[in-house]
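The values are calculated or read from the model by the stated rules, or taken from the named source; none is laboratory data. Note that the coordinates shown come from a computational prediction; the quantities given were computed from them, not determined experimentally. Cβ placement follows ideal geometry from the backbone for every residue including glycine, while neighbour counts extend to all protein chains displayed.
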Amino acid sequence: MEPEKKALIKDLNLLTDKPVLYVCNVDPDSVNTGNAYVEQVKQAIAGENAGMILISAAIEAEIADLESFEDRQMFLQEMGLEQSGVEKLIHAAYKLLNYITYFTVGVKEVRAWTITEGTKAPGAAGEIHTDFEKGFIRAEVMKYTDFTTLGSEAAVKDAGKFKVEGKEYVVEDGDVMHFRFNV
């Protein structure tokens, strides 16, 4: 649909205009490759702009019974899976809705924030508090992978991977940000 028409009907909140994600619950042997029923679903939704994932409720129940993260990872490896069905669902929903995550890190709290892909730094700051957006000065940004690989904010700065960005910076998935503002 053309952007002009989408803008006209946006306020109607039509269910038929909402993104759709089909979640197929399959037997454990079919979770990687699918089965005849999955193929039927694929054919039925071929004309739709929809997402589809495969999960196995039986596998998810077994994962839920495991106590440690290491046990869960080992179980997933034994099943030939890279991630659990819950993780697949989260990633697929974020992709379908065009969401990304950025982080704020402080002494007392680390927090993840969900924003729409393409959001600029002041808009991301506004997710925390509207005053942050109104009085936005700059964003101090480092990549999550740099932060976890190098181990600290100081190490990221020493490596020259810490950036100061302005109002036009488009936030990327996994950014770790500090906002400077004045209200």
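Restricting the first member to the range 123-150 and to residues that are in the same structural domain as Arg111 (by TED's automatic domain parsing), and the second to residues that are surrounded by fewer than 16 Cβ atoms within 10 Å (Cβ to Cβ) and aliphatic (A, V, I, L, M), the beta-carbon pairs closer than 7 Å and six or more apart or on different chains are Asp131/Val183; Lys134/Val183; Gly135/Val183; Arg138/Val164; Glu140/Val164; Leu150/Ala159. Filtered by the rule that a residue be surrounded by fewer than 15 Cβ atoms within 10 Å (Cβ to Cβ) and over 17 Å from the mean Cα position of the chain (by Cα), the range 115-134 gives His129, Thr130, Asp131, Lys134.
Please determine whether any residue of the range 20-33 is within 30 Å of Val176 (Cβ to Cβ) and not charged (D, E, K, R). Yes, the conditions are met somewhere in the range 20-33.
Looking across the range 4-33, the residues that are part of a helix (DSSP H, G or I) and under 15 Å from Ala57 (Cβ atoms) come down to Pro28, Asp29, Ser30. Looking across the range 141-178, just one residue is out of contact with any Phe, Trp or Tyr (no Cβ under 7 Å at 6 or more places or on another chain), acidic (Asp, Glu) and assigned to a strand (DSSP E or B), and that is Glu165.
Report, by residue number, each residue of the range 29-56 that is among the acidic types (Asp, Glu) and either touching a Lys or Arg at 6+ places or on another chain (Cβ under 9 Å) or within 18 Å of Glu82 (Cβ to Cβ) (or both). Matches in the range 29-56: Asp29 only. The residues in the range 151-183 that are surrounded by fewer than 18 Cβ atoms within 10 Å (Cβ to Cβ), more than 16 Å from Val110 (Cα to Cα) and free of Cβ contacts under 8 Å to residues at least 40 places away in the same chain can be counted, and the count is 9.
In the set (1) modelled with pLDDT under 95; (2) in contact with a strand residue (DSSP E or B) (Cβ under 8 Å, 6 or more places away or on another chain); (3) outside any strand (DSSP E or B), Val38 fails one condition alone, (1). Considering Ile63, Ile59, the condition of being more than 30 Å from Ala125 (Cα to Cα), in contact (Cβ under 8 Å) with a residue 24 or more places away in the chain and not assigned by TED's automatic domain parsing to the domain that holds Thr119 is satisfied by Ile59 alone. Looking at Ala64, Ala46, just one residue is part of a helix (DSSP H, G or I), of a type in the set (Gly, Ala, Ser) and exposed (fewer than 11 other Cβ atoms within 10 Å of the Cβ), and that residue is Ala64.
Taking the range 145-156 as the range and being touching a strand residue (DSSP E or B) at 6+ places or on another chain (Cβ under 8 Å) and under 19 Å from Arg180 (Cα atoms) as the test, the residues that pass are Glu153, Val156.
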